[in-house]
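Reading through the structure tokens given below for one structure.
The values are calculated or read from the model by the stated rules, or taken from the named source; none is laboratory data. Just so it is clear, the structure is predicted and the values come from calculations on it, not from any experiment. Using ideal geometry, Cβ is built from the backbone for each residue, glycine included, and neighbour counts are taken over all protein chains shown. We work out accessible area using only protein heavy atoms, side chains counted, and drop any ligands, DNA or RNA first. Shrake-Rupley method; radii C 1.70, N 1.55, O 1.52, S 1.80 Å.
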Amino acid sequence: MTTTLARPRQAATRPAPRAPRGRTTLYWIAKHALAIALAVMFLGPLVFIALTALMSDQQALTSQLWPKTWNWGNFAEIFETAPLLTWIRNTLIYSILATVFMLVSSIPVAYALARFRFRGRKLAFLLVVTTMMLPPQVVAVPIYLIWARFHLTGTLWPLILPMLLGDAFSIFLLRQFLVTIPREYSDAARVDGCGEFRTLIRVIVPMARPAIAAVALFQFFYCWNDYYGPLMYAGTDLDNWTLSLGLAAFRSVHRVQWNLTMAATILAMAPVIVVFFFAQKVFIEGVKLTGVK
């Protein structure tokens, strides 16, 4: 006669009680306290600029931080008192052309330094890196005299045309990324009959899009915010002023009307913020990949 042992009943598992919503919120704030503090530190000045831009002239830079009346007409007044559209046009021409010329010239140089094996390659790369350590003020006078002989001073071309010769920082970043691409891809392209130029365009450039986007944004932001270059070459011609020069002059004329100055600053920052907002994913990925080796 066989007997069966009854299995002990398992106690029903109850789901863990959920923490109150307030406690969860406090835990999240405590966990991200450093990030929140840094965000407030960086966003605080932007919020102050935005609120001041919407204040009246009497309330600007007073102890009252919140506008009594929202003066949206401050932005329209800027276009009436200053040639802001001309400054934006010149800045776009300078930034876009310099960025395009930099990419056209720097990508082949970075590709040669990363993929070709020739005598003196390390020395050539060392010279490229060394040029980044040379302050631009050291060679400002002889370069200005060269452009003066070509009668190009007073324009933005002395800042745009040198980008056809490449940019040392962009070449460095692109080279660091191209080194990480396996050589099997380019070898397979050569087996299929591709030359070096076609391999670069069809194989390497599509794989290096994050790095290319990163250096393009770096160059675009630098040109957009550049003040020293336009001041030296285009400072004497008002029709070729960029936003940096225009804002400096606008501040000197309207230094009492800080609401208009802040409104002009927002209009100058808006395109850069929009570009970075839409390209931040590719930009961050490119910076991360170019720095990891």
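About the Cα centre of segment 70-150, how large is the charge dipole given +1 on each Lys and Arg Cβ and -1 on each Asp and Glu Cβ? Please answer in debye to the nearest 20.
Magnitude of the dipole: close to 880 debye.
So how strong a dipole does segment 124-261 carry about its Cα centre when Lys and Arg Cβ are +1 and Asp and Glu Cβ are -1, to the nearest 20 debye? Spell out each step's value before the answer.
Values: 9 positive and 8 negative charges, 24 e Å.
The dipole magnitude comes to about 120 debye.
Which length gain, in nm to one decimal place, applies between Leu231 and Thr180 when the Cα-Cα distance is subtracted from 0.36 nm times their residue separation?
Here the segment from Leu231 to Thr180 would lengthen by 14.4 nm.
So if I restrict to the alpha-carbon atoms in the chain, what is the Rg, and what is Dmax, the biggest pairwise distance, in Å?
28.1, 116
Using 0.36 nm times the number of residues separating Leu43 and Met269, minus their current alpha carbon distance, what extension gain do you get?
80.0 nm
Out of Ala189, Phe169, Thr131, whose Cα points farthest toward the positive end of the dipole of segment 131-208 (charges: +1 Lys, Arg; -1 Asp, Glu; placed on Cβ)?
Ranked along the dipole, the leading option is Thr131.
Would you mind getting the accessible area per residue of the chain, heavy atoms of the protein chains only, 1.4 Å probe, in Å²?
On the way: 19470 Å² over 293 residues.
Here the residues of the chain average 66 Å² of exposed surface.
So, how do all the Cα-to-Cα distances of segment 159-214 break down into 5 Å bins, in percent, from 0 on up?
4, 17, 24, 21, 17, 10, 5, 1, 0
Using a probe of 1.4 angstrom, how much of the accessible area of the chain is carbon and sulfur, in percent?
Details: 13170 of 19470 Å².
Summing carbon and sulfur atoms, their accessible area is 68 percent of the total for the chain.
Mark the label point 7 Å from the Cα of Val139 along Cα→Cβ and return the residues of segment 153-170 whose backbone N is within less than 17 Å of it.
The answer is 158-170, whose backbone nitrogens lie closer than 17 Å to the label point.
To the nearest 10 square angstrom, what accessible area does Tyr111 show with a 1.4 Å probe?
Roughly 10 Å² of Tyr111 is accessible to a 1.4 Å probe.
Taking segment 162-257, how much of its Cα-Cα pair set, in percent, is spaced more than 15 angstrom apart?
Cα-Cα pairs in segment 162-257 separated by more than 15 Å: 72 percent.
For a test of understanding, tell me how many lysine pairs in the chain have Cα atoms under 30 Å apart, given they are 8 or more places apart or on different chains.
Count of close lysine pairs: 5.
How large is the dipole of the chain about the Cα centre if only Lys and Arg carry +1 and Asp and Glu carry -1, each at its Cβ, rounded to the nearest 20 debye?
For this selection, approximately 1860 debye.
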